[in-house]
Amino acid sequence: MRVVGVDPGLSATGYGVVEVVGGRCLHVRHGVLRTRPSDSLAVRLVALRDGLRALLREVEPREAAIEGTFVGTNARSALTLGHARAAAILALADCGLAVHEYAPALVKQTVAGYGRGDKTQIAEMVRLQLALAARPSPADAADALAVAITHWAHARLG
């Protein structure tokens with residue numbers, strides 16, 4: 001089973017693709033889709049949606065997972081994240097994938113064993129779990145791989 005994980009953001013949306021073979025989770029690909037801050041919101045959202053759809057057609061996942069919302073104290077940041085999440089969810093749905101959402105703390109707990117781990121710790125645990133030579137980079141891509149790993153781990157349980 002191939003799983004795509006998505007860490008949405010308006011400036012940078014991370015993606016990570018893993019392949020589940022037997023009881024193992026193997027790295028396929030990771031990266032980031034970037035938008036230009038000088039572009040309008042509509043142009044940026046279309047770019048994210050279209051970029052994800054192109055990736056999905058290429059890697060052909062059977063499962064999709066996205067990081068759930070994190071609401072801090074900045075309402076503008078939360079709204080921007082919501083826009084990016086909507087574009088990503090639409091791209092996944094456009095490709096016929098059911099979208100599984102995981103809270104950021106659950107992703108950290110699943111991958112690192114601690115729900116408040118920092119980005120460096122998450123990237124290192126992703127590196128170890130996928131037997132990569134180096135930590136996946138940038139952080140958005142490492143987080144997306146962590147989301148994909150979380151979906152694999154929770155799907156195995158039930």
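Some observations on this one:
- Residue check for Thr69: within 20 Å of Leu10 (Cβ to Cβ), among the hydroxyl-bearing types (Ser, Thr, Tyr) and in contact with a Leu (Cβ under 9 Å, 6 or more places away or on another chain): yes
- Selection count where residues are open to solvent by 10 Å² or more (accessible area, probe 1.4 Å) and either β-branched (Val, Ile, Thr) or out of contact with any Gly (no Cβ under 8 Å at 6 or more places or on another chain) (or both), scope the stretch 141-155: 4
- Screening the stretch 126-140 for residues that are out of contact with any Lys or Arg (no Cβ under 7 Å at 6 or more places or on another chain) and surrounded by 24 or more Cβ atoms within 10 Å (Cβ to Cβ) and picking the one that is nearest to Val111 (Cα to Cα) gives Val126.
- Strands (runs of 3 or more DSSP E) wholly inside the stretch 1-86 containing at least 1 residues that are among the polar types (S, T, N, Q): 12-21
- Residues of the stretch 20-57 classified as of a type in the set (A, V, I, L, M) and touching a residue at least 60 places away in the same chain (Cβ under 8 Å), total: 3
- When residues of the stretch 1-15 are limited to those that are within 17 Å of Gly96 (Cα to Cα) and open to solvent by 10 Å² or more (accessible area, probe 1.4 Å), the one nearest to the chain's Cα centre (by Cα): Arg2
The values are calculated or read from the model by the stated rules, or taken from the named source; none is laboratory data. Keep in mind the model is a prediction, meaning the values are calculated, not measured. Virtual Cβ from ideal backbone geometry, glycine too; neighbours counted across all protein chains shown. The protein model used for the area step is the full one, side chains on, heavy atoms only, and it has no ligands, DNA or RNA in it. Shrake-Rupley method; radii C 1.70, N 1.55, O 1.52, S 1.80 Å.
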